[in-house]
Amino acid sequence: MSVSPWPADNTQSVLLVIDAAHRIEQQHLESWLEREREKCGFLGKVEQAVIPIADSPEGIHADELCPAVGLPDDTLVVPVRVVWLKGLDVKSTTPRFRDLLLGNPRRPGPIRARRILKHHPMRAKCVSGRSATIQEMRQRLEHRLGATPDENQLADFMAGQASIALDIAERRLRGSRYKVPRHVASNLRSSRVFVAALRELSAQTGRSISSLHAEATTIFKELISLPQAFWLDMSYLLNKKISSLGYENEIVVDKVSLQNVRQICKERPTAILCTHKTHVDFPALNKVMFDHDFPALHTMGGVNMAFAGVGFLARRAGVIFIRRSFQDNPLYKLILRQYIAYLMEKHFPLSWAFEGTRSRVGKLMPPKYGILKYVVEAAHANDQRMLHIIPVAMNYDLIGDVRDYAKEQSGVKKRPESLSWFIGYMRSLRRPMGKIYMDFGEPVVLDEVPSGDDRLALSKIALQVGVEANRVTPITLASLATMVLLGSAPRALTREELTREIARVVRWAQARDIRITRHFEIENEAELAALAQVLIDNRLVSRYDDGPEDVYAIAPHQETVASYYRNTTIHHFVTKAIAELALAGVSAKESAPLDAYWQEVDRLRDLFKFEFFYAPREEFHEEVSQELARYEADWQDQLAADAEFARRLLRSLRPLIAHATLTQFVEAYYVVASVAAVTPHDTELDAGDCLKRCFAHARQAYRRRRISSEASIGKLLFQNGYKWMENRGLTTSGGPELAEQRAAARQGLRELMHRLQRIQVLALPD
């Protein structure tokens, strides 16, 4: 039922701002206004101005309002609009590609509008927005500008306020998914903060205000997204298509946590930080948001994705394309900061991949601080409080990009994004790949937002987000199957052995309250068989069925791909793996075996610091202690009294997982250390040259079985190994002692490889 647009005081003067794109809309609104006027008996003076507000997301031609600003200050401004529904079902949102040719059904042209009014009049709903007097609007604008506005400024402001009020009224019918920012550029230009910042920048650079304004216009067009209802619908159709090409239609997500996030987005400035595994991540996330009536996410990404066609649609669906480098452009930085602050102030949720890029190895990548820095900086500068940063863990049974990642890690250059690349990518998603899992972590809440220049504060925020994202990442059947098969390689496993080993790890995880995908039922043989078939169909696992029973193994030359899936949940196992590897290093001759054990734990923790997120040292020690106490409550006392106890305890730690989780990293670091060891000590080890030599060295080492798996040959692995060597001061030039230190590093890693081999033998299926 329509709310009357007329005021309770039936003698008050009224200015009707009629949002009409054509004569049919205007006539329909005027007829409705007249009917409502007769119902309530309104007797006041009425003026009207017809302005096509809805047609333009960024600029409104407010010339019609200029004469109206001279009306008495107590004149009530009442905006009205026709909301064109897609059908009798108000919630119907499914777009049609034919609408691209026939026109937006939410903003029909005169011929289409006339037909709708004739045959489906209930689809045309008249609404009025919140009203205000001319005096109230003038006061608001004076407060914003810090000066008395002229006639044109007030007219533009009144048009903008009418647009906002009508959008709010329209959302009562359509839902929050169509909440979009309007007239962002004009609002930013007119804000006191931006005007003052522009003057300061002019003084610093010596550039004129007019020249800065001219460049700002170009940046506004490039940077600011223009989400619109029609294109949000079209984007939803595309997102739905992409996320269901190779995956089941229903994305696995907890509805309770989703509702909590939705409430936070309504009440607080919010950033939703997504783990990034594939190009499907954001289509899937946006589909779920749209399905559950979230406002459109303003997703920030690299301008490299703004290629023809996709860029056009993405901008109109809320994507913000940011230049890869703009440190030398203070105006761009200023506009970006003000834009972000504006979106947060209006409670439009922001979104980006906090790793900065897709993970090429499966595990969570170290965070990139660029966008986080600007969001924090904008919130700090504008005194935003209670900023909520919500991690979202995206996970999949299988991922279509992984083979490309494997090629990249082997040294093949990444193919640049383009329209032809996009078409090819869409085709690659057509094979069955299981389910998509979406899990929301607890928000990282910033009551008082630190300065964007506070690097330590940024790193703490990023660490909290990363830890929480890892915590809510569920273990999938694919990640466990690949971990078990990689751990047994080159030995194949029977179906019974594979099932038993997976079940053993599942029980271990359940006892520690580690998340497991809700559709994961180890007792469900049909589900296990179905997944095994998907892995086989995707050439990840091979099955040999000519013998007395079926046996399974990682397919030839697929170790790198398999390790990707194993790595998606590897963080759940790192503490236990380090505990095992440290136990394997305790010598029977140690005079103080407990002290030696903790020293080894710390050494291993430091070794893998470029690979994994850890708790602080004391907390990490407690995690290790608690893990071992599950097997032997008084393990520390027994180890302190007898070094031989380390071996006995290690054998009891079923399931043993160090070899299945850490071998890839130890072997890759061993390759880097080997390259360093054969480099003259008076020669600096250059990062680029080291990487090239590592590939050659590793390929030969694999053929000689000095390393056990092709999964240990990877660009990112070598780069992190180089970082570890660099951190220890082993990449610079030096004297003969440097050669000894490099050789010692190689020998230490070789000894770790031997330990992992011993653990693998202990872990063989019963």
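Values computed for the structure shown
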read-out	value
Cut-off 12 Å between beta-carbons: net charge of the residues surrounding Leu76, Lys and Arg +1, Asp and Glu -1	-3
With Cα atoms, 0 to 90° folded angle of helix 715-727 axis to the chain main axis	70
Ranked by how many other beta carbons lie within 10 Å on average, peptides 164-171, 443-450, 510-517 from highest	164-171, 443-450, 510-517
Sorted by Cβ density within 10 Å, fewest first, the residues His388, His292, His119	His119, His292, His388
Over 27 Å between alpha carbons, listed pairs Lys255/Lys576; Lys86/Lys240; Lys277/Lys460; Lys407/Lys723; Lys266/Lys363; Lys241/Lys413	Lys255/Lys576; Lys266/Lys363; Lys241/Lys413
Percentage, to the nearest whole number, of Cα pairs in the chain over 49 Å apart	29
Likely footprinting exposure, Met386, Met158, Met137, Met725, fewest C-beta neighbours within 10 Å first	Met386, Met137, Met725, Met158
Computed P(r) (all Cα pairs; the stretch 221-375; 5 Å bins; percent)	2, 8, 17, 22, 23, 17, 8, 2, 1, 0
Simple label model, 7 Å out from Cα along Cβ direction - Val256 to Gln599, nm	4.9
Percent antiparallel among DSSP beta bridges (both partners in the chain, rounded to 5)	45
Residue-span extension gain [Ala687 to Asp63] - 0.36 nm each, minus C-alpha spacing	218.4 nm
Relative compactness, the stretch 316-378, computed as alpha-carbon Rg over 2.2 N^0.38 Å	1.23
Loop-located GluC sites (Glu not before Pro) in the stretch 195-259 whose Cβ has at most 15 other Cβ within 10 Å (DSSP)	Glu248, Glu250
Helix 192-205 axis, angle to the chain major axis (alpha carbon atoms, nearest 10°)	60
Calculated on alpha-carbon atoms, Rg and Dmax of the stretch 659-762 in Å	13.2, 43
Mean-position separation - Cα centroids, the stretch 688-719 and the stretch 729-749, in angstrom	19
Cα-based helix-to-principal-axis angle, 330-345 vs the chain, degrees rounded to 10	80
Alpha-carbon radius of gyration plus Dmax, which is the widest Cα pair, for the stretch 364-483 in Å	18.3, 49
Computed over the stretch 14-174, Kirkwood Rh from alpha-carbon pairs, angstrom	16.7
Relative contact order, percent, the chain [alpha-carbon distance under 8 Å, six or more residues apart]	9
Computed [θ] at 222 nm, helices only, for the chain once each DSSP H run of length n ≥ 4 contributes -39500 (n - 2.57)	-16500 deg cm²/dmol
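Read-outs throughout are calculated quantities, based only on the coordinates presented, and are distinct from any laboratory measurement. Note that the structure is a prediction, hence the values are computed from the model and not measured. Here the Cβ is made from the backbone with ideal geometry for all residues, glycine too, and neighbour counts use every protein chain on show.
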